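Participant: Take a look at this one; I'll ask things after.
Computed from the coordinates by the stated procedures, all read-outs in this text should not be read as laboratory data. Keep in mind it's a predicted model, so treat the numbers as computed, not measured. Methodologically, a virtual Cβ is constructed for each residue, glycine included, from the backbone with ideal geometry; neighbour enumeration extends over all protein chains shown.
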Amino acid sequence: MQIFLRHSSLSSKERIEISTMTYLSREDSELLREALRSYSGDCCLEIGFGYGSNLLSLRGRFNLIIGTDVQRTDGFERLGESDIDTVLADGATCFRSRMFDLVLINPPYLPSEEILDKTIDGGCGGFEVAGRLLGQALPTLRSEGKILVLLSSETSKTDFDLFCRDHGLSARLVTCRRLFLETLFVYELQRIDCIIP
C-alpha cells in the first residue's frame, strides 16, 4: 500500500512521480465524511472521489451515488463491485443539468504557481481548481441542491467569497478542524434564491 504525504519541499520531479498514487483518506476526507452524516436525497455526485470512502459512507441515504475522478485510482476497483457508479472524468461536465441533490468536492486547495500534482496543487490562491470544479458542479444541481466543498485556511477566502457572490450562492460553514499548520473548513453552498427561510 502506498501512502501519499503532503510535502511542499518535494522537487517537481518527485511531485509528478507521486501524482499517480491514490490520495488516501486523511484528515480532510474524514472531516468531509463527518459533515455528510446529515445529508440524504435522491442523487449524489462526488467530484474527485479518490479511494471512495466518502461515497461508501452515503450508501443507503441516496438512490444514485456517482463518483468521478480524473485518473484511474484504486477507488475504481474498490467501488467496482458496489452499487456506486464511477466515471473517469475531469469534473462534472459529462452530466446533464439539474441531476444532483448533493455534490461533494474535496479539491486540491494548496496555493501553487503551477499545477504539477492534481491531487494537491490548487493553483493561484489555492482556489483556481476549486473554482473550476464548483463552476462545473453548479449546472448539475437541482434547484434546491447543495454543494459541500472542503477548503483550507491556505485557500484564498477572498476568491471563494467572490465566487459565491458572482454565482448567487450562500456559503454556510458546516464544520471545521484545526490541524497543525492549517484549518480545514467544510462549506455548504446553495443558490440564494432557493433557500427556504
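Participant: Distance in nm between label sites at T158 and D193, each 7 Å beyond Cα in the beta-carbon direction?
Facilitator: It is 3.0 nm.
Participant: Oh, and also: Only bridges whose two residues both fall in the chain count here: according to DSSP, what percent of them are antiparallel, nearest 5? Kindly include the intermediate steps, with their values, before the conclusion.
Facilitator: On the way: 15 of 37 bridges.
Taking every DSSP beta bridge with both residues in the chain, the antiparallel ones total about 40 percent.
Participant: With θ set to phi - 60° and the Karplus curve 6.51 cos²θ - 1.76 cosθ + 1.60, what are the ³J(HN,Hα) couplings of the stretch 67-72 in order, to the nearest whole Hz, using x for Gly and Pro?
Facilitator: Once θ is set to phi - 60°, the couplings for the stretch 67-72 become x, 10, 8, 7, 9, 6 Hz.
Participant: Could you go through the stretch 102-108 in sequence order and give the Karplus-derived ³J(HN,Hα) for each residue, using 6.51 cos²θ - 1.76 cosθ + 1.60 with θ = phi - 60°, rounded to whole Hz, and x for Gly and Pro?
Facilitator: Per residue, the Karplus-derived 3J(HN,Hα) values read 9, 10, 10, 9, 10, x, x Hz.
Participant: A follow-up question, please. List every residue whose amide H lies under 5 Å from the amide H of A89, counting only residues 5 or more places away in sequence or on a different chain, with H placed 1.01 Å from N in the peptide plane.
Facilitator: Here D69, V70 satisfy the definition.
Participant: Write out the GluC sites (Glu not before Pro) in the stretch 95-175 meeting two conditions: DSSP loop, and at most 14 other Cβ atoms within 10 Å of their Cβ. Working shown, then result.
Facilitator: Working: sites: E113, E114, E128, E144, E154; in loops: E113, E114, E154.
Filter output for the stretch 95-175: E113, E114.
Participant: Next question, about the same structure. Could you give each residue of the stretch 29-40 its phi-based ³J(HN,Hα) in whole Hz, using Karplus coefficients 6.51, -1.76, 1.60 with θ = phi - 60°, and x for Gly or Pro?
Facilitator: 5, 5, 5, 5, 4, 4, 5, 6, 4, 9, 10, 8
Participant: Can you work out the PRE-style zone for R98? Point 7 Å along Cα to Cβ, and I want the residues of the stretch 136-158 with backbone N under 20 Å.
Facilitator: 136-147
Participant: Could I ask something else about it? Place a point 7 Å from Cα of V70 in the direction of its Cβ. Which residues in the stretch 98-116 have their backbone N less than 14 Å from it?
Facilitator: Under 14 Å, as judged by backbone N against the label point of V70, lie 106-116 of the stretch 98-116.
Participant: Shifting gears a bit: For the chain, just say rounded, prolate or oblate: build the C-alpha gyration tensor, square-root its eigenvalues into a ≥ b ≥ c, call rounded for a/c under 1.5, and beyond that prolate if a/b exceeds b/c, oblate if not. Kindly include the intermediate steps, with their values, before the conclusion.
Facilitator: Details: a/c = 1.62, a/b = 1.17, b/c = 1.38.
Cα axes put the chain in the oblate bin.
Participant: Helix-only estimate, please: 222 nm mean residue ellipticity of the chain, summing -39500 (n - 2.57) across DSSP H runs of length 4 or more and dividing by its residues, to the nearest 500.
Facilitator: That comes out to -6500 deg cm²/dmol.
Participant: Over the stretch 25-194, what relative contact order in percent results from Cα pairs under 8 Å that are six or more residues apart?
Facilitator: 19
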